[in-house]
1. Take the stretch A:44-54 and flag every residue that is more than 8 Å from every other protein chain (Cβ to nearest Cβ) and either part of a helix (DSSP H, G or I) or among the charged types (D, E, K, R) (or both).
2. Testing A:Leu150 on (1) surrounded by 10 or more Cβ atoms within 10 Å (Cβ to Cβ); (2) modelled with pLDDT under 60, one condition comes back false. Which one is that?
3. Quick one: in the stretch B:179-205, which of the residues that are within 12 Å of chain A (Cβ to nearest Cβ) and closer than 30 Å to A:Val68 by Cα is surrounded by the most Cβ atoms within 10 Å (Cβ to Cβ)?
4. Regarding the stretch B:103-116, can at least one residue be identified that is within 14 Å of chain A (Cβ to nearest Cβ), on the phi > 0 side of the Ramachandran plot and buried (at least 18 other Cβ atoms within 10 Å of the Cβ)?
5. Being at pLDDT 80 or above, in a loop (DSSP other than H, G, I, E, B) and not hydroxyl-bearing (Ser, Thr, Tyr) is the filter; apply it to the stretch B:113-142 and report the residue that is farthest from B:Met251 (Cα to Cα).
6. Read through the list (1) surrounded by fewer than 20 Cβ atoms within 10 Å (Cβ to Cβ); (2) aliphatic (A, V, I, L, M); (3) at pLDDT 85 or above, then give the number of the only condition that B:Leu165 fails.
7. Please count how many residues of the stretch B:127-171 are more than 8 Å from every other protein chain (Cβ to nearest Cβ) and either aromatic (Phe, Trp, Tyr) or at positive phi (or both).
8. Could you please let me know if B:Phe210 is surrounded by 19 or more Cβ atoms within 10 Å (Cβ to Cβ), more than 14 Å from chain A (Cβ to nearest Cβ) and either in contact with a strand residue (DSSP E or B) (Cβ under 8 Å, 6 or more places away or on another chain) or not in a helix (DSSP H, G or I) (or both)?
Amino acid sequence: MTLTQFLFWTIAALTGLSAIMVVLTQNIVRAAAWLLFTLAGTAGIYFLLGSDFIGATQLIVYVGGTLVLVVFGVMLTAQGPFVNMKAGAGDWAVSLIVGVALYAVLAVSTLLTAWTGEYPEPVDERSSANVIVLGQALTGIREVQPRTVLAAQRGYTRVSYILPFEIVSVHLVVVLVGAAYLARARRRTSRMPEGVGG
Amino acid sequence: MTPFHFWTTAITIAVVLFVVLHVVAYMILVERKVSAWMQDRLGPNRVGPWGLLQPIVDGAKMFLKEDIIPSHVDKVFYILAPGVAAFTALVALAVVPFGPTDPSQPERYQFVIAPNIDIGILWTFSTGSMAVYGVILGGWSSNNKYSLLGSLRSSAQVISYEIPLGLSVLGVILYAGSLNLERIIDWQVQHGWNALYHPLAFLMFVTAAFAECNRLPFDLPECEQELVGGYHTEYSSIKFGLFFLGEYTHMITTSLLFAVLFCGGWHLPFGLTDGNEWYHTALKLVSILGKTAFFLFFYVWVRWTLPRFRFDQLMGIAWKLLIPLATVNLVVVMVLREYEAPLWALTAASVALFVGATAFAARQTTPPVIRRTGNIHGLPTRV
């Protein structure tokens with residue numbers, strides 16, 4: 001067993017364990033904290049498999065994002081009826097069915113893929129990461145491997161992700177503005193005159 | 001790709017850990033000595049000459065004190081939280097150079113734990129932002145209202161200040177053309193220190209880093225007179241020590257980053273470090289560590305100079321001042337880079353922006369003093 005294999009199985013086991021804890025725990029803050037460890041473990045696996053940039057993005061976006069979840073969990077459920085979330089038998093049945101179905105899809109697609117075991121060559125041989133490839137792929141400068149069928153039919157092989165990326169970011173801005181509008185504390189209509197106090 | 005030698009890396013990690021742990025211990029002594037000096041006191045002077053053995057005694061005390069776990073805490077996360085705080089702070093050091101590096105000669109020994117990592121600065125930011133989880137988990141699992149308030153303050157602070165922290169570095173990255181810290185140093189060796197070209201970005205980066213480290217004037221998470229001890233109220237002995245370790249390691253990392261990103265890393269002017277002899281290597285090592293030591297001293301210096309901000313001022317500085325200014329600064333840098341303006345134009349733009357922003361802020365805001373009506377937040381005092 002090499003060092004890489006040992007690290008992979010350790011991180012994978014810890015990630016799986018904390019993923020199970022997310023489901024089993026009944027306290028919302030604890031669940032969010034276990035989710036944090038799951039996402040961080042996934043980032044660790046990305047790093048181990050040589051996708052540095054994806055790993056760091058996972059840490060910043062997902063692990064950093066869970067923080068907000070923890071904070072909301074703390075603020076909304078510190079006391080009150082939502083501290084413990086007991087799942088009923090019906091919930092368990094539905095989630096088991098969905099979970100097993102999803103697992104089946106993933107397992108079948110993993111087993112049916114013919115893995116070649118070839119890595120794409122790094123662009124710069126002195127660097128291990130693939131930030132340049134990612135950036136070029138995003139803007140459509142470089143040919144991207146998974147060509148869409150439509151593009152291949154037209155003999156046009158450059159796939160750009162810049163438009164979907166922009167649409168997603170504009171969407172996110174709209175959502176954020178909407179959330180800020182909804183969360184804004186409602187002002188009283190009759191405002192107190194300033195400096196009433198002595 | 002830089003060849004990976006297991007033993008070289010293992011020894012580097014061991015040496016770095018050894019040095020960092022001792023610097024943390026002695027930083028506490030420096031902090032107490034400097035504060036005593038600034039307040040015309042003597043400071044610790046009983047253990048060893050000039051109190052030099054004080055950190056060792058303190059460390060032993062941390063380990064030997066009774067480790068109390070209050071009965072009302074959430075056990076798992078209460079125990080996990082100090083570990084998370086220390087781990088995330090230490091792991092951020094992995095890509096930060098602490099001595100001479102040369103990306104053009106990968107076969108030479110590079111003074112960094114993981115050399116040639118392309119995502120360099122991104123890694124430091126991502127793990128540095130995770131450090132707040134130690135605070136959050138610690139504060140929540142303590143099951144204590146003061147701790148919880150401290151940790152919620154901390155999360156708001158860190159989320160807000162991460163944005164100007166990242167935005168201010170982007171200009172530097174645009175010019176260096178890489179996130180790799182060794183290449184950023186290399187760019188500065190060829191063109192001159194970034195602090196000369198991006199003074200405004202440097203100022204904003206330092207400010208945001210102070211907030212990220214929860215240092216005064218931004219130490220609201222543990223503000224004593226309001227929150228008892230903040231998030232670590234319920235912690236004792238070595239668990240408290242681990243929180244301390246995390247915080248001071250964060251300071252060391254950011255001090256190294258100030259040196260690496262803006263002050264040329266190991267570079268010294270007048271050709272002092274141009275060469276590969278052993279004395280050049282020694283000089284480079286002294287140079288980068290000296291700069292880091294200066295910034296560590298700067299942390300203590302500021303601590304005893306500036307009073308703590310109020311919470312609304314803290315949020316105002318991040319959202320109304322630093323983020324707009326950092327965005328405008330980034331746009332200006334992008335325009336100058338696109339039209340390949342000479343480097344002095346960057347300095348001029350930076351200074352102009354600083355003057356403009358100061359004038360604008362002076363016209364916009366009322367001075368941050370409590371008005372005579374006893375009115376702090378624009379709210380009526382008596383209803």
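The values are calculated or read from the model by the stated rules, or taken from the named source; none is laboratory data. Keep in mind that this is a model prediction, so the values were computed, not measured. Heads up, the Cβs are rebuilt from the backbone with ideal geometry, glycines too, and the neighbour counts pull from every protein chain shown.
1. Within the stretch A:44-54, the first condition is being more than 8 Å from every other protein chain (Cβ to nearest Cβ), and the residues that meet it are A:44-51, A:54.
Across the stretch A:44-54, the qualifying residues are A:Gly44, A:Ile45, A:Tyr46, A:Phe47, A:Leu48, A:Ile54.
2. (1)
3. Here the residue is B:Asn180.
4. Yes, the stretch B:103-116 has at least one match.
5. B:Ile119
6. With respect to (1) surrounded by fewer than 20 Cβ atoms within 10 Å (Cβ to Cβ); (2) aliphatic (A, V, I, L, M); (3) at pLDDT 85 or above, B:Leu165 is out only on (1).
7. The number of residues fulfilling the criteria is 3.
8. Numbers: surrounded by 19 or more Cβ atoms within 10 Å (Cβ to Cβ): yes; more than 14 Å from chain A (Cβ to nearest Cβ): yes; either in contact with a strand residue (DSSP E or B) (Cβ under 8 Å, 6 or more places away or on another chain) or not in a helix (DSSP H, G or I) (or both): no.
The answer is no for B:Phe210.
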